[in-house]
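The values are calculated or read from the model by the stated rules, or taken from the named source; none is laboratory data. Remember, it's a predicted structure, so these values are computed and weren't measured experimentally. Cβ coordinates were reconstructed from backbone atoms using ideal geometry, including for glycine residues, and neighbour counts include every protein chain displayed. Protein only, heavy atoms only, side chains kept; ligands, DNA and RNA dropped before computing areas. Shrake-Rupley method; radii C 1.70, N 1.55, O 1.52, S 1.80 Å.
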Amino acid sequence: MPFEPWQPGMILNEARLASISPTWQDWTPVWTTSTGANTPSFGNAVISARYAQSALTVYYRLEIAFGTTTNFGGGGSSDNWRFSLPTPAAATTLIAGWGEISDASAGLGSRMGVRPRLTTTTTLEIEMASARIDAAAAAGVGLIDAASPWAWASSDTIRIFGEYEAAA
């Protein structure tokens, strides 16, 4: 049952409670790019994508461990990666959560803080938000893509979580 704002005279019942009680469920993100060209594909990546919606608030978690058959798209630094949202957002926003990315070839010190941005009402992009914790240089600044902040490879990871306002 979709969420409906509370109205005078409404009765609290099982269906109404279900519409406002968050229940975690899976979603399958679609991976594209900001230009629509150089489309990447997950291949044998391990993906955990879960979300829950309470009224018009959507909570989400997306974890990706790239695999040996992942295609990173090759669009370079001008073709940012996009991941579909589990449900449309009310508006775009610069901060819709927090997370980290990790370059497996450089060990534990390669982690970098990131923040998801809703660049459209149906997709998020991931912005580099800190330096690598091992202080090694990372390529580029801004939104991540096939070339930034490093040459992505098997076992690299993306882990993000957050919340946003759903479209009414």
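Is at least one residue of segment 24-42 of a type in the set (Asp, Glu) and closer than 30 Å to Asp156 by Cβ? Walk me through how you get there before you give the answer.
Kept after step one, since they are of a type in the set (Asp, Glu), are these residues of segment 24-42: 26.
Narrowing the set further to residues that are closer than 30 Å to Asp156 by Cβ leaves 26.
Within segment 24-42 (the criterion being of a type in the set (Asp, Glu) and closer than 30 Å to Asp156 by Cβ), the answer is yes, since at least one residue qualifies.
Provide a single number: the residues in segment 124-133 that are within 24 Å of Thr39 (Cβ to Cβ) and open to solvent by 20 Å² or more (accessible area, probe 1.4 Å). Before you say what the answer is, go through the steps one by one.
Taking segment 124-133 and keeping what is within 24 Å of Thr39 (Cβ to Cβ), we get 124-128.
Next cut, open to solvent by 20 Å² or more (accessible area, probe 1.4 Å) only: 127-128.
Of the residues in segment 124-133, 2 are within 24 Å of Thr39 (Cβ to Cβ) and open to solvent by 20 Å² or more (accessible area, probe 1.4 Å).
Test Thr70 against the stated conditions and say whether it is touching a residue at least 24 places away in the same chain (Cβ under 8 Å), open to solvent by 50 Å² or more (accessible area, probe 1.4 Å) and among the β-branched types (Val, Ile, Thr). Let's see the steps before the verdict.
On the way: touching a residue at least 24 places away in the same chain (Cβ under 8 Å): yes; open to solvent by 50 Å² or more (accessible area, probe 1.4 Å): no; among the β-branched types (Val, Ile, Thr): yes.
No: the conditions fail for Thr70.
This table checks each residue for (1) closer than 14 Å to Ile64 by Cβ; (2) surrounded by fewer than 20 Cβ atoms within 10 Å (Cβ to Cβ).
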residue	(1), (2)
Leu94	no, yes
Trp98	no, yes
Ile101	yes, no
Val114	yes, no
Thr119	no, yes
Thr122	no, yes
Ala135	no, yes
Asp156	yes, no
Tyr164	no, no
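State which residue is nearest to Ala166 (Cα to Cα) when the search covers only segment 1-60 and only residues that are open to solvent by 50 Å² or more (accessible area, probe 1.4 Å), assigned to a strand (DSSP E or B) and not hydroxyl-bearing (Ser, Thr, Tyr).
So, considering only residues that are open to solvent by 50 Å² or more (accessible area, probe 1.4 Å), assigned to a strand (DSSP E or B) and not hydroxyl-bearing (Ser, Thr, Tyr), the one nearest to Ala166 (Cα to Cα) is Gln53.
Tally time: how many residues in segment 75-108 are part of a strand (DSSP E or B), under 23 Å from Thr57 (Cα atoms) and among the hydroxyl-bearing types (Ser, Thr, Tyr)? So that I can check it myself, show each step before the final result.
Narrowing segment 75-108 to residues part of a strand (DSSP E or B): 80-84, 89, 93, 98-102.
With the extra rule that they be under 23 Å from Thr57 (Cα atoms), the set shrinks to 82-84, 89, 93, 98-100.
With the extra rule that they be among the hydroxyl-bearing types (Ser, Thr, Tyr), the set shrinks to 84, 93.
Residues meeting the conditions: 2.
Looking at Thr121 and the list (1) part of a loop (DSSP other than H, G, I, E, B); (2) at pLDDT below 95, which single condition is not satisfied?
Answer for Thr121: the failing condition is (2).
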